[in-house]
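I have placed the structure first, in the form of structure tokens, so that the comments after it can refer back to it.
The values are calculated or read from the model by the stated rules, or taken from the named source; none is laboratory data. Here the structure is a predicted model, which is why all the values come from computation and not from measurement. Neighbour counts run over all protein chains shown; Cβ positions are idealised from the backbone, glycine included.
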Amino acid sequence: MSETKIEEHVDLIATRIPPGDNWELVIDKGNLIEGLVQALTTYMRKTEFKGHYRLEPLNGKLFAIKEIEVEIQKPKPQTWDLYGES
């Protein structure tokens, strides 16, 4: 049985549009949303994503952190032609 590990992928979901607390979702360009909480709520309703988020307030970016299970392949044992093993 192979092992698995969890990898995190960070996807940009919204950017802040100054002035103030206005946000634009990546999936809904051109539609300004007033307030961070309303932007998160709108994103969750549109995508049904239930997970973790990351906010970079100085950059005006909001990200969704998606966890993906990745299978770790075990290395195959080396064989040596010199000894007639292959």
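Summary table below
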{"read-out": "Exclusive hit being on the phi > 0 side of the Ramachandran plot and charged (D, E, K, R), set Glu34, Glu8, Glu48, Glu24", "value": "Glu48"}
{"read-out": "Odd one out for His52, checked against (1) at pLDDT 90 or above; (2) touching a helix residue (DSSP H, G or I) at 6+ places or on another chain (Cβ under 9 Å)", "value": "(2)"}
{"read-out": "Residue in segment 1-17 that is farthest from the chain's Cα centre (by Cα), counting only those that are of a type outside the set (A, V, I, L, M) and at pLDDT 90 or above", "value": "Arg16"}
{"read-out": "Breaking point among (1) surrounded by 13 or more Cβ atoms within 10 Å (Cβ to Cβ); (2) under 12 Å from Asp11 (Cα atoms), for Ala39", "value": "(2)"}
{"read-out": "Residues located in segment 42-58, provided they are loosely packed, with under 10 Cβ neighbours inside 10 Å and closer than 30 Å to Glu3 by Cβ", "value": "Glu48, Lys50"}
{"read-out": "Some residue of segment 59-72 being without any contact (Cβ under 8 Å) to a residue 40 or more places away in the chain, loosely packed, with under 11 Cβ neighbours inside 10 Å, farther than 21 Å from Glu8 by Cα and more than 14 Å from the chain's Cα centre (by Cα)", "value": "no"}
